[in-house]
């Protein structure tokens, strides 16, 4: 009897050990992978001084902290699914009474097994009824679906964020280039003005005014260069670089970022991942509500055991014990938990409606943004920019020959500078609108498997 009880207890402990080992392996693997990827992120950026948008996305998908956290959320949800599939462990008990009696020996002898000690060994098992296990597993599976949907949504948002941050870095660099180019043009005009000053064609104040405007453009260019560094640092943060410096050069240009608007996906069994996550949260809360209602049904605990009690005289008495117990639902009917679960269902219902509305709003806003930005870009590229360049060249040539005033020259230079900056801004806005459209129309299949 003692050996049998020891084997039961040993089996229970072994099972508990392997259950805890599963969780430990999941947590250790997730933690180690996150640490290893973060260490390698700095090396990926430092390996080359130029990064294309495709490379930036590739690195971000491997290194970004938020995406890695979302991936760890899947592991945690799968661990909860393992818990939901497990059966409650049985409990073993062993008790002995009548110890210490002065005359404990029996007709069988005075050994430990022959004394008149009342020894009872029993095993008890809780059995869940009322569909509790089914509801708990359905809830856990919905949790896995929600975690996977949140991972895809984090990836969607990350791709959008990396693209827009990269475009912002390109815009800042292009602004610096345009301003430096404008400063160079005015510095060239200042050299010509020096010759005209010696010839007595212009005054010293005209020459200084040209030099002042060139200096202003140069200072604005330095400010734009600082903004470009900050924009590149923002990209590195999304790439998971631990010590960002902004010391890299974009391999792409704003013109390469321009793309046609993506088409809206017409898949019938697909939805945006944030909507799928909201649907999964609602389904999980509904299963939790059913579980809390089922908790009102008491779960029985069945007990099987044996009692050994040698008599003082006559044959020994060994008794088989069979019993069942369950809590009486007199005072606690689980009303509080049911009300809380119902409130969660109501909240998640509203969250799903909001997510669907937000998805529709994002699509409408992105389409409007793309339409406006692309039309503005076409007008700048085809009309305004060619005209401003032609006017600047004509006025500059006339000024060099003495046929144009200083005011006309400075106004033409300023107008051309503004037109080039506005064209770069239109390119950036169009590329950002394309990124918003891609994010607004990205969908995943609803059949996110939860099989292990």
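Just give me the residues in the stretch 276-307 being part of a loop (DSSP other than H, G, I, E, B) and more than 30 Å from residue 150 (Cα to Cα), in sequence order. Before the answer, list the steps.
Step one: list which residues in the stretch 276-307 are part of a loop (DSSP other than H, G, I, E, B), which gives 295-300.
Result: 296, 297, 298, 299, 300.
Any residue at all in the stretch 171-183 that's in contact with a strand residue (DSSP E or B) (Cβ under 7 Å, 6 or more places away or on another chain), at pLDDT 80 or above, surrounded by 19 or more Cβ atoms within 10 Å (Cβ to Cβ) and under 30 Å from residue 54 (Cα atoms)? Yes, because at least one residue in the stretch 171-183 is in contact with a strand residue (DSSP E or B) (Cβ under 7 Å, 6 or more places away or on another chain), at pLDDT 80 or above, surrounded by 19 or more Cβ atoms within 10 Å (Cβ to Cβ) and under 30 Å from residue 54 (Cα atoms). Can we say residue 165 is closer than 30 Å to residue 438 by Cα, touching a strand residue (DSSP E or B) at 6+ places or on another chain (Cβ under 7 Å) and in a helix (DSSP H, G or I)? The answer is no for residue 165. Scanning the stretch 400-412 for residues that are in contact (Cβ under 8 Å) with a residue 40 or more places away in the chain, surrounded by fewer than 23 Cβ atoms within 10 Å (Cβ to Cβ) and in a helix (DSSP H, G or I) yields 400, 406, 410. Check whether at least one residue in the stretch 382-399 is part of a helix (DSSP H, G or I), in contact (Cβ under 8 Å) with a residue 12 or more places away in the chain, within 30 Å of residue 280 (Cβ to Cβ) and out of contact with any strand residue (DSSP E or B) (no Cβ under 6 Å at 6 or more places or on another chain), and report yes or no. Looking for residues that are part of a helix (DSSP H, G or I), in contact (Cβ under 8 Å) with a residue 12 or more places away in the chain, within 30 Å of residue 280 (Cβ to Cβ) and out of contact with any strand residue (DSSP E or B) (no Cβ under 6 Å at 6 or more places or on another chain), one finds none in the stretch 382-399, hence no. The listed residues are 226, 190, 195, and the only one of them that is part of a helix (DSSP H, G or I), without any contact (Cβ under 8 Å) to a residue 24 or more places away in the chain and closer than 14 Å to residue 399 by Cβ turns out to be 195. Could you tell me whether the stretch 98-109 includes any residue that is at pLDDT 75 or above, over 29 Å from residue 249 (Cβ atoms) and over 20 Å from the mean Cα position of the chain (by Cα)? Scanning the stretch 98-109 turns up no residue that is at pLDDT 75 or above, over 29 Å from residue 249 (Cβ atoms) and over 20 Å from the mean Cα position of the chain (by Cα). Residues that are part of a helix (DSSP H, G or I) and touching a residue at least 60 places away in the same chain (Cβ under 8 Å) within the stretch 70-97 comprise 70, 71, 73, 74, 76, 77, 78, 80, 81, 82, listed in sequence order.
Please verify whether residue 155 is touching a residue at least 60 places away in the same chain (Cβ under 8 Å), touching a strand residue (DSSP E or B) at 6+ places or on another chain (Cβ under 9 Å) and buried (at least 17 other Cβ atoms within 10 Å of the Cβ), treating the condition exactly as stated.
Numbers: touching a residue at least 60 places away in the same chain (Cβ under 8 Å): yes; touching a strand residue (DSSP E or B) at 6+ places or on another chain (Cβ under 9 Å): no; buried (at least 17 other Cβ atoms within 10 Å of the Cβ): yes.
No; evaluated as a whole, the condition is false for this residue.
With the checklist (1) surrounded by fewer than 17 Cβ atoms within 10 Å (Cβ to Cβ); (2) over 30 Å from residue 280 (Cβ atoms) in hand, flag the one item residue 370 doesn't pass. With respect to (1) surrounded by fewer than 17 Cβ atoms within 10 Å (Cβ to Cβ); (2) over 30 Å from residue 280 (Cβ atoms), residue 370 is out only on (1).
For (1) within 23 Å of the chain's Cα centre (by Cα); (2) modelled with pLDDT of 95 or more; (3) farther than 30 Å from residue 307 by Cβ, each residue gets a yes or a no:
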{"site": "323", "(1), (2), (3)": "no, no, no"}
{"site": "328", "(1), (2), (3)": "no, no, no"}
{"site": "333", "(1), (2), (3)": "no, no, yes"}
{"site": "345", "(1), (2), (3)": "no, yes, yes"}
{"site": "354", "(1), (2), (3)": "yes, yes, yes"}
{"site": "364", "(1), (2), (3)": "no, no, yes"}
{"site": "367", "(1), (2), (3)": "no, no, yes"}
{"site": "374", "(1), (2), (3)": "no, no, yes"}
{"site": "378", "(1), (2), (3)": "no, no, yes"}
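The values are calculated or read from the model by the stated rules, or taken from the named source; none is laboratory data. As the structure is a prediction and not an experimental result, all values here were calculated from the model. So basically every Cβ, Gly included, is an ideal-geometry build from the backbone, and we count neighbours across all protein chains shown.
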